[in-house]
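Notes to accompany the following structure.
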Amino acid sequence: MIGTMRKQLRSHPALIPLLFFIGGGAAMSMTYLARLALRNPDVSWDRKNNPEPWNNMDPTHQYKFYAIDMDYSKLKKQGPDF
Amino acid sequence: MAFPSQLGFQDAASPVMEELLTFHDHALMIVFMISALIGYFIIAMVTANLSDMYILDSQEIEIIWTVLPAVVLILIALPSLRILYLMDEVNDPHLTIKAMGHQWYWSYEYTDYENLEFDSYMIPTQDLAPGQFRLLEADHRLIVPAESPIRVLVSAEDVLHSWAVPALGVKMDAVPGRLNQTAFIASRPGVVYGQCSEICGANHSFMPIVVEAVPLQQFEDWSALMIQDA
């Protein structure tokens, strides 16, 4: 399959940017899904040791993907302990 | 506020809205350039006398019109995501106000220090004073201190509503049983208007939002008077 792809790419080099952008888009969506599955505090993988990760969140934890103006190290816990 | 035959956005009354305006200028400029290019192509194709033009198999142009649009999309996406994440950050607000949507009025609660609550109904057209705006004025305005980060918690008591003030760049759905959070900073003292933005029944168009930003001293005087009067 890789050999067929290489042959097609040699005769139609315009497919290279297409492959790059579509492949990049697919890779980015899969990475985001993996990040959601592994890093999202709403997801619980270990029911015995960490059943409710949303209750164990550190107030200085950056759970948003991109922090522009927010200094997470300065935040303090504002709610009661469970 | 909005004025007749207005084409663009209202002037920004908050830093977030200024960012949105700049981004909109950027995206619209790209859209205009693309439309001008396409318009040129259309006219060139339609007015050409040649019929056997090169229309089959060109690798170079295929590469160009794959890479260039991808680059343009990235140029639009990066500022857009930046503003999206910026709007989501609530940086240590000085005041928290609850805006509850009812059929068909808004009620505001300032419960950080004392218990200040009031309803805000639209002023009917026949009761307007000269100079007031039809369908936009309310009897009790949401008074906020200028240049302070304000957090607004939005919810509803009956059906879906939406608390929207375009000049501040704020719109948040009021869902019964759910608490939504939004925040803004009023850049300067002034009055800005908004309207309910989710269909909620017969008088959906008649439950406006009026936010009046005042200097901090005046805000403190006003809130002391309101609590006294209650």
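Looking across segment B:164-181, the residues that are without any contact (Cβ under 8 Å) to a residue 40 or more places away in the chain, assigned to a strand (DSSP E or B) and surrounded by 16 or more Cβ atoms within 10 Å (Cβ to Cβ) come down to B:172, B:173, B:180. Identification of strands (runs of 3 or more DSSP E) wholly contained in segment B:76-120 with 1 or more residues that are within 14 Å of another protein chain (Cβ to nearest Cβ) yields B:95-102.
Note on segment B:3-61: among residues that are assigned to a loop (DSSP other than H, G, I, E, B) and in contact (Cβ under 8 Å) with a residue 60 or more places away in the chain, the one that is farthest from residue B:185 (Cα to Cα) is B:9. Checking the stated criteria, residue A:30 turns out to be away from chain B (no Cβ under 14 Å) and part of a helix (DSSP H, G or I). When you look at residue B:126, is it within 16 Å of residue B:192 (Cα to Cα), surrounded by fewer than 14 Cβ atoms within 10 Å (Cβ to Cβ), out of contact with any helix residue (DSSP H, G or I) (no Cβ under 9 Å at 6 or more places or on another chain) and not acidic (Asp, Glu), yes or no? Considered against the rule, which asks whether it is within 16 Å of residue B:192 (Cα to Cα), surrounded by fewer than 14 Cβ atoms within 10 Å (Cβ to Cβ), out of contact with any helix residue (DSSP H, G or I) (no Cβ under 9 Å at 6 or more places or on another chain) and not acidic (Asp, Glu), residue B:126 comes out as no. When we screen B:109, B:117 for residues that are in contact with a Phe, Trp or Tyr (Cβ under 9 Å, 6 or more places away or on another chain) and within 20 Å of residue B:185 (Cα to Cα), the only hit is B:109. Kindly establish whether residue A:17 is of a type outside the set (Lys, Arg), surrounded by 10 or more Cβ atoms within 10 Å (Cβ to Cβ), more than 24 Å from residue B:84 (Cα to Cα) and more than 13 Å from chain B (Cβ to nearest Cβ). Against the criterion (of a type outside the set (Lys, Arg), surrounded by 10 or more Cβ atoms within 10 Å (Cβ to Cβ), more than 24 Å from residue B:84 (Cα to Cα) and more than 13 Å from chain B (Cβ to nearest Cβ)), residue A:17 does not qualify. Scanning segment B:182-230 for residues that are small (Gly, Ala, Ser) and either in a loop (DSSP other than H, G, I, E, B) or not assigned by TED's automatic domain parsing to the domain that holds residue B:142 (or both) returns B:186, B:187, B:197, B:201, B:202, B:230.
The values are calculated or read from the model by the stated rules, or taken from the named source; none is laboratory data. Predicted model only: the values in this text are computed from it and were never measured. Ideal geometry is used to build each Cβ from the backbone, glycine not excepted, and the neighbour counts take in all protein chains shown.
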